[in-house]
Amino acid sequence: KQEVTQIPAALSVPEGENLVLNCSFTDSAIYNLQWFRQDPGKGLTSLLLIQSSQREQTSGRLNASLDKSSGRSTLYIAASQPGDSATYLCAVRPSVNRGSQGNLIFGKGTKLSVKP
Amino acid sequence: NAGVMQNPRHLVRRRGQEARLRCSPMKGHSHVYWYRQLPEEGLKFMVYLQKENIIDESGMPKERFSAEFPKEGPSILRIQQVVRGDSAAYFCASSPPTGGNSPLHFGNGTRLTVT
């Protein structure tokens, strides 16, 4: 059974710091992995999607890496800003023979606070 | 292009009543997914629908819960005879019909409180 773990559960950093959020998954048979951002009382915003054949994806100050064989992904945020404060969620889509395309398995998230 | 629209944003029901949650997918999206987020828990998949078809309902409780996505109109998640344990945030997501490589787009959720 696929399980997704995110460490740490919460993180507080001063503005300007570079930081890394971690995500691990137990079954390497994945189709892709997505990172989302969730603001309090809001829905999820998709940040980056990495296909199982890819090693990393970049968007602005965000860089996500994927090491499928070791079951790990990291989200790197450069030059953090107070507006980055949110909960960051990692989700894997299992391979076709492990579930349907909509059945994403989510971690519980890392709550990030960036202090001005 | 409006995003995924869910209504109501907040819903309060007494035990035993019915709850109906609505979701209109993004324009051009024909795949809809429902997830539930319990307090202090991660999001859990409930059901995946295409127009007039349930593709995967492996995450739906066997009783009291049902979902539909009719040919016309929004997708509906229906919870009959609600209990306190149904209190949660229910999120709808949608994607285009191009397959599993498209990211899911989520709505802002409906927060159900059962009193």
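Applying the criterion of being over 19 Å from residue B:48 (Cβ atoms) and in a strand (DSSP E or B) to the residues of the range B:1-10, the residue that is most open to solvent (accessible area, probe 1.4 Å) is B:10.
Of all residues in the range A:25-57, those that are more than 12 Å from residue A:105 (Cα to Cα) and assigned to a loop (DSSP other than H, G, I, E, B) total 11. Identify all residues within the range A:104-116 that are within 14 Å of another protein chain (Cβ to nearest Cβ) and open to solvent by less than 30 Å² (accessible area, probe 1.4 Å); write none if there are none. Those that are within 14 Å of another protein chain (Cβ to nearest Cβ) and open to solvent by less than 30 Å² (accessible area, probe 1.4 Å): A:104, A:106, A:107, A:109, A:110. Among the candidates A:72, A:37, A:61, A:55, the residue that is among the basic types (Lys, Arg) and open to solvent by less than 70 Å² (accessible area, probe 1.4 Å) is uniquely A:37. Of the residues making up the range B:49-67, those that are among the acidic types (Asp, Glu) and either surrounded by fewer than 16 Cβ atoms within 10 Å (Cβ to Cβ) or in contact (Cβ under 8 Å) with a residue 60 or more places away in the chain (or both) number 2. Applying a threshold of 6 Å to beta carbon distances and a minimum spacing of six or more residues, or different chains, the list of pairs starting in the range B:82-103 at a residue that is over 27 Å from residue A:40 (Cα atoms) and ending at one that is at pLDDT below 95 reads B:97/B:30; B:100/A:31; B:100/A:101. Meeting the requirement of 3 or more residues that are within 11 Å of another protein chain (Cβ to nearest Cβ) and among the aliphatic types (A, V, I, L, M), the strands (runs of 3 or more DSSP E) wholly within the range B:11-115 are B:43-50.
The values are calculated or read from the model by the stated rules, or taken from the named source; none is laboratory data. All values derive from a computational prediction rather than experimental measurement. Neighbour counts run over all protein chains shown; Cβ positions are idealised from the backbone, glycine included. Ligands, DNA and RNA are stripped out before the accessible areas are found, and what is left, the full protein with its side chains, is counted by its heavy atoms. Shrake-Rupley method; radii C 1.70, N 1.55, O 1.52, S 1.80 Å.
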